[in-house]
């Protein structure tokens, strides 16, 4: 039968309920649907989130290392840079004073001999200060690598504890830094030797060729250095955390950066640019103001006592500011390769799962746990089939 009145079913409405003496009547409305489960990011127990890191996370963590544990990071860097600056100033100052004094008292026939000896003394002073800089930088880098690694696990260690973890590895790190310094000296020395030989043997033509070789060689050396320094940027992290040999650390850094060269190079370059620009913005006005003060106090250049005092004060203040800013920049630049090491191991080896498992076991009360950064290659390697097995 056709429904000529277009009858529609009545809408459902909850029935009105009268007050009950036993309490409120139950609601007649259907329960709301439960919300769908949402994705929650991995935990961030400490310095970084335990997931692949983007540029913002790496940049933020590089600067957060300072704020999170300033005594162990900036304090160590400040001590190292302070000692290096004082010793370098003393060495250079004493050598320069001795050289000038000897030249001033030397007879005319002995000037060439004394000049040669003075140049050798200046060269030795330069080598000594460079070696001190390499050792100090290696020690600071080792401490920063350990701080980043333990900070990712939510740990905040004191300097003494970090030194205990670094025991037995600082020597390898210093050896690696010395190898880099030696390679730089040999490369630059060979380039200078070729230029000098061309200029000395071919006259004007050799001088022109020497200039051309110098320009092209400098560009090639810069490109080669950028490539090698990026591919080997993770060697200190592998040395400290995996406690491997220098050769093994070189192989690890080379393999971890494979496929991520430009990303690693770009982040290292960006951090270096930001830090050095900030240091120059702060330190340049100090030297500019110091020059203006000297010009106002001693406009004729008579080297009065007041002008000498102001010059000494400006030099000391400039040195203190340079040390403070240099220590800060060293912390940030040393922390960045360590963060890249953790990030690349998360992307390539699933290190975040090992770190999360370590944290969960520690929270559950596990006392003896293997270091999550150490590669258990020997234990994880498949056992070869026995002789005579059908699977050979």
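Which of (1) touching a residue at least 12 places away in the same chain (Cβ under 8 Å); (2) surrounded by fewer than 16 Cβ atoms within 10 Å (Cβ to Cβ); (3) touching a helix residue (DSSP H, G or I) at 6+ places or on another chain (Cβ under 7 Å) does residue 134 not meet, given it meets every other one?
It is condition (2) that residue 134 fails.
Taking residue 214, is it part of a helix (DSSP H, G or I), over 30 Å from residue 80 (Cα atoms) and at pLDDT below 85? Break it down stepwise before answering.
Working: part of a helix (DSSP H, G or I): yes; over 30 Å from residue 80 (Cα atoms): yes; at pLDDT below 85: yes.
Criteria met by residue 214.
Give all pairs with beta carbons closer than 7 Å in which a residue from segment 362-380 that is closer than 15 Å to residue 349 by Cβ meets a residue that is in a helix (DSSP H, G or I) and at pLDDT 70 or above; count only pairs at least 6 apart in sequence or on separate chains.
Final answer for the pair search is 372/354; 372/355; 372/358; 373/149; 373/241; 373/242; 374/242; 375/242.
Residue check: is residue 162 surrounded by 19 or more Cβ atoms within 10 Å (Cβ to Cβ) and closer than 21 Å to residue 65 by Cα? Walk me through it before giving the result.
Values: surrounded by 19 or more Cβ atoms within 10 Å (Cβ to Cβ): yes; closer than 21 Å to residue 65 by Cα: yes.
Spelling it out, residue 162 is indeed surrounded by 19 or more Cβ atoms within 10 Å (Cβ to Cβ) and closer than 21 Å to residue 65 by Cα.
Here's the yes/no breakdown for (1) at negative phi; (2) touching a residue at least 24 places away in the same chain (Cβ under 8 Å):
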| position | (1), (2) |
| --- | --- |
| 156 | yes, yes |
| 159 | yes, yes |
| 164 | yes, no |
| 169 | yes, yes |
| 181 | yes, yes |
| 191 | yes, yes |
| 195 | yes, no |
| 200 | yes, no |
| 203 | no, no |
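The values are calculated or read from the model by the stated rules, or taken from the named source; none is laboratory data. Bear in mind that the values here come from a model prediction, so they are computed numbers and not experimental data. Every residue, glycine as well, gets a Cβ built from its backbone with ideal geometry; the counts of neighbours run over all protein chains shown.
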